[in-house]
Amino acid sequence: MTSTSTLSRRGTGGIGPVAISAVVVAGICVLPLLVILATATESGLGVAAQQVFRPRVGELLGNTVSLVLVTTTACVVVGVGAAWLVERTELPAARWWRLALVAPLAVPAFVNAYAWVSLRPSLTGLGGAALITTLSYTPFVFLPVAALLRGLDSRWEDSARSLGLGAWGTFAKIVLPQVRPALLGGALLVALHLLAEFGVLAMLRFPTFTTAILDQYEAAFDTTAGSVLATVLMVLTALVLTGERFARGRVSLARIGSGVRVQPQRVPLGRWAGPAIVGLTTWVLLSLGVPMYAVGHWLGAGGTPILSPALLGALSSTVGLALTAGVLTTVAAFPVALLLHRRRTLLTESIERITYFASSLPGVVVALALVTVAIRWIGPLYQTPFLLVIAYAILFIPRAMVSIRAALAQAPGGLLEAARSLGDSPWRATRRVLLPLIAPGLLSGFAMVFLATCVELTATLLLAPTGTTTLATGFWAASDSLDYGVAAPYALMMILVSAPLTWLLLSNSTKDTR
């Protein structure tokens, strides 16, 4: 039987156009990095150094690092603990708790901040920022850890218990080292989201690099000073990515030998069942109940029609941009994913790292770079939807690539080779055979990009053409003016749009991985 790897070794023709397309995509993705570095140093390295070594930058650095450390630690502790309770103990209604703990992903973090601030205006500073971001981002740790706990073979745990280790000792010495890759992956997502976060921190008046960059641009239209701050933020992003890579190490979760996976034995909670349920209930009420209550409260008190013309216009703009970004990003991701599937070389690995690093940059950094490009070199692009869609593509291309690569890995290479042997050209064989086979992956990637675009804020604030309002920017304009009643319908619509993504993530994470 011809394996998928045969497709990689022999090729299917057309590797030249695929490679060229992938390099072009990587070039567009690396553009923000190059532009930011060039703009930051255009007045000389001495001037850039003076701008970096200022007390204000030190304050921003301290705030940013403190928030990342506090929130990431809190998310890891709560996420891992909740995952263990749901997946490895005799917790009643485990399926319901799994859904309830993932559901906060349907509430954008800045909507969560709006809910808390509108009900408790005194909530500010590091404490408030850490509370709200922890409530919003803990599912990023809970999801992968819970999925891995479900899929682990419990034979090592059984052996540890037979040697006298208790439930807690087995978890600490056997289970925790095995879930380290999922734990670190979730922590990485949390840290990158925190480096990019704007809405929550602006509402809570807690300045970080992201808020300072946007303030610098909006107040003085100073792309040079903003680029210096963006460079420091990019260095922080690179350090986070490098740290996660080294901390991950090499952990093998594979079983050697025949046999089926042994299902883990659930641990009785005993007298801890009550405190566990109370703790999880409190967490769900804080992370999901408060924003839903606040949105409902302001919908009733604001007197604003839920389906006002302004909201419908914002919804139309959002859907139009999201559709365009979804199609463009999926098309751009396809040659990169196909090239990575066919061969692993220095070129393909470099392309992969470039796209992932570019997407890990905060939206404000990507937007600032594209603003600089448009103003200085391609004036007609400035204030156009196309420039905004390019920013979305750079930010979200890995979301499409992951789905497409998974679909390519499952596509039988022999069918494509059979089409080639029957006289089909590379493009015709791809169009007639490969694309139908990976259509579910393409649609999944499109959906991920579509939903991410619908709630993107910072890049949209900088790049949206004058007169264009999306759900996120419409919500932000109202909430920034403390008009909570007007903001509530936008918040509700974003929650409704985000709900399918939450369900998709939960469905994918609960698939059997045997």
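Across segment 33-47, which residue is nearest to the chain's Cα centre (by Cα) among those that are crowded, with 17+ Cβ neighbours inside 10 Å and more than 11 Å from VAL232 (Cα to Cα)? Once the filter is applied, the top-ranked residue is LEU33.
Look at (1) at pLDDT 90 or above; (2) not in a helix (DSSP H, G or I) and you find that THR330 fails only one, number (2).
Between PRO104, PRO108, PRO92, the distinction of being in contact (Cβ under 8 Å) with a residue 60 or more places away in the chain and open to solvent by less than 10 Å² (accessible area, probe 1.4 Å) belongs to PRO104 only.
Mind checking whether some residue in segment 253-264 is closer than 26 Å to THR72 by Cα, at pLDDT below 90 and either in contact with a Lys or Arg (Cβ under 7 Å, 6 or more places away or on another chain) or not basic (Lys, Arg) (or both)? Yes - at least one qualifying residue is present in segment 253-264. Annotation note: Cβ proximity below 8 Å between a residue of segment 50-62 that is within 16 Å of SER227 (Cβ to Cβ) and a residue that is open to solvent by less than 90 Å² (accessible area, probe 1.4 Å) and not in a helix (DSSP H, G or I) (sequence gap 6+ or interchain) occurs for LEU60/PRO207; LEU60/THR208.
Considering only residues in segment 48-62 that are open to solvent by 50 Å² or more (accessible area, probe 1.4 Å) and of a type in the set (A, V, I, L, M, F, W, C), the one that is nearest to PHE206 (Cα to Cα) turns out to be LEU61. Scanning segment 197-218 for residues that are of a type in the set (S, T, N, Q) and either at positive phi or open to solvent by 20 Å² or more (accessible area, probe 1.4 Å) (or both) yields a total of 1. Taken as a whole, the condition of being open to solvent by 50 Å² or more (accessible area, probe 1.4 Å), assigned to a helix (DSSP H, G or I) and not small (Gly, Ala, Ser) does not apply to LEU451.
Within segment 116-134, take every residue that is aliphatic (A, V, I, L, M) and over 24 Å from VAL76 (Cβ atoms) and give me the one that is least open to solvent (accessible area, probe 1.4 Å). Among residues in segment 116-134 that are aliphatic (A, V, I, L, M) and over 24 Å from VAL76 (Cβ atoms), the one least open to solvent (accessible area, probe 1.4 Å) is VAL117. Could you grab the pairs with beta carbons closer than 6 Å, sequence gap of 6+ or different chains, first residue in segment 499-514 and modelled with pLDDT under 75, second one open to solvent by less than 90 Å² (accessible area, probe 1.4 Å)? Final answer for the pair search is LEU506/VAL102; SER509/LEU143; SER509/ALA147; THR513/GLY151; ARG514/ARG261. Answer with yes or no whether PRO305 is at pLDDT 85 or above and surrounded by fewer than 18 Cβ atoms within 10 Å (Cβ to Cβ). Answer is no for this residue.
Reported count of residues in segment 351-368, each being in a helix (DSSP H, G or I), under 12 Å from LEU195 (Cα atoms) and of a type outside the set (A, V, I, L, M, F, W, C), is 2. Do we find that ALA83 is over 16 Å from PHE209 (Cα atoms), in contact (Cβ under 8 Å) with a residue 12 or more places away in the chain, among the hydrophobic types (A, V, I, L, M, F, W, C) and open to solvent by less than 20 Å² (accessible area, probe 1.4 Å) in this structure? Spelling it out, ALA83 is indeed over 16 Å from PHE209 (Cα atoms), in contact (Cβ under 8 Å) with a residue 12 or more places away in the chain, among the hydrophobic types (A, V, I, L, M, F, W, C) and open to solvent by less than 20 Å² (accessible area, probe 1.4 Å).
The values are calculated or read from the model by the stated rules, or taken from the named source; none is laboratory data. Nothing here was measured: the structure is a model prediction, and the numbers come from that model. All Cβ positions, even for glycine, are placed from backbone atoms using ideal geometry, and neighbour counts span all protein chains on display. The accessibility values were calculated without ligands, DNA or RNA, using every heavy atom of the protein model including side chains. Shrake-Rupley method; radii C 1.70, N 1.55, O 1.52, S 1.80 Å.
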